[in-house]
């Protein structure tokens with residue numbers, strides 16, 4: 001069964017949705033640019049977590065995925081879902097203009113790593129120290145900040161409101177992750193271990 | 001994983017990983033070891049463990065063990081890692097002595 005879902009970035013929503021699918025008896029077996037593929041499983045048999053690997057090279061991301069698979073988890077790469085028609089157009093144009101943008105476009109294409117484990121009743125968390133969580137949100141903020149700046153610049157340049165609307169969405173995501181980052185940073189300075 | 005550079009104190013996670021690797025272990029066994037040794041109080045996420053392993057490899061405190069190209073990579077503590085663990089043990093002993101004196105529990 002293929003399901004088409006679009007997430008503009010909020011990872012927690014994606015995790016909740018995948019957990020809910022598992023609760024209904026469907027586990028993830030594949031991903032594409034806009035779709036997630038499921039097959040039947042026992043109700044609530046699996047739990048999901050998502051990590052950001054857009055800052056890693058392809059080899060580093062693969063090494064990390066192998067490490068997780070060695071632990072008995074299943075992993076799926078997923079694009080960060082910025083492929084709005086608008087976004088696609090921009091990235092494709094920019095990708096032709098040099099390695100930097102081509103690398104960024106490829107990185108965003110496989111920026112998320114969905115991790116699945118058997119549900120053992122415990123919460124499934126990949127990052128368990130506040131310091132580590134803060135780093136996770138900080139890294140996650142960067143692509144959205146870049147996109148916000150890019151779209152805002154396009155809006156200013158073309159004077160078209162559509163670009164600003166997209167920029168506003170990315171700005172919102174950026175603020176959400178910034179708040180998470182600051183919260184974790186505060187916890188890490190207040191608590192030990 | 002940030003250990004205290006100036007004071008030389010290790011984080012609890014770093015110290016436990018070093019202790020777990022006096023015998024070669026793969027990632028899953030390290031997680032289990034830490035959970036067992038702390039009666040489940042310290043449950044290490046896979047992402048956090050991966051970051052900690054890479055940072056310890058970089059410091060030269062642990063190294064890959066056995067078939068490095070095979071799946072289920074194992075790691076083991078190095079002489080430098082043992083030195084760091086010994087320093088930490090001495091620091092903790094001193095701390096416990098001081099705490100016992102201060103709190104009158106000797």
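The values are calculated or read from the model by the stated rules, or taken from the named source; none is laboratory data. These numbers were taken from a predicted model, which means no experiment stands behind them. As a convention, Cβ positions derive from the backbone with ideal geometry for all residues, glycine included, and neighbour counts pool all protein chains shown.
Within region A:56-65, one or more residues are in contact with a helix residue (DSSP H, G or I) (Cβ under 7 Å, 6 or more places away or on another chain) and either more than 16 Å from residue A:124 (Cα to Cα) or modelled with pLDDT of 90 or more (or both). Considering region A:1-56, the qualifying strands (runs of 3 or more DSSP E), each wholly inside and each with 2 or more residues that are over 16 Å from the mean Cα position of the chain (by Cα) and buried (at least 17 other Cβ atoms within 10 Å of the Cβ), run over A:26-31, A:46-52. I'd like the full set of residues that are facing chain B (nearest Cβ under 7 Å) and under 19 Å from the mean Cα position of the chain (by Cα), limited to region A:107-130. Within region A:107-130, A:125, A:126, A:127, A:128 meet the criteria. Taken over region A:68-90, the criterion of being assigned to a helix (DSSP H, G or I) and either out of contact with any helix residue (DSSP H, G or I) (no Cβ under 9 Å at 6 or more places or on another chain) or modelled with pLDDT of 80 or more (or both) is satisfied by A:68, A:69, A:70, A:85, A:88, A:89. Checked against the criterion of being surrounded by fewer than 17 Cβ atoms within 10 Å (Cβ to Cβ) and under 16 Å from the mean Cα position of the chain (by Cα), region A:147-166 has no qualifying residue. Scanning region A:159-193 for residues that are touching a helix residue (DSSP H, G or I) at 6+ places or on another chain (Cβ under 8 Å), more than 22 Å from residue A:11 (Cβ to Cβ) and within 14 Å of chain B (Cβ to nearest Cβ) returns A:191, A:193.
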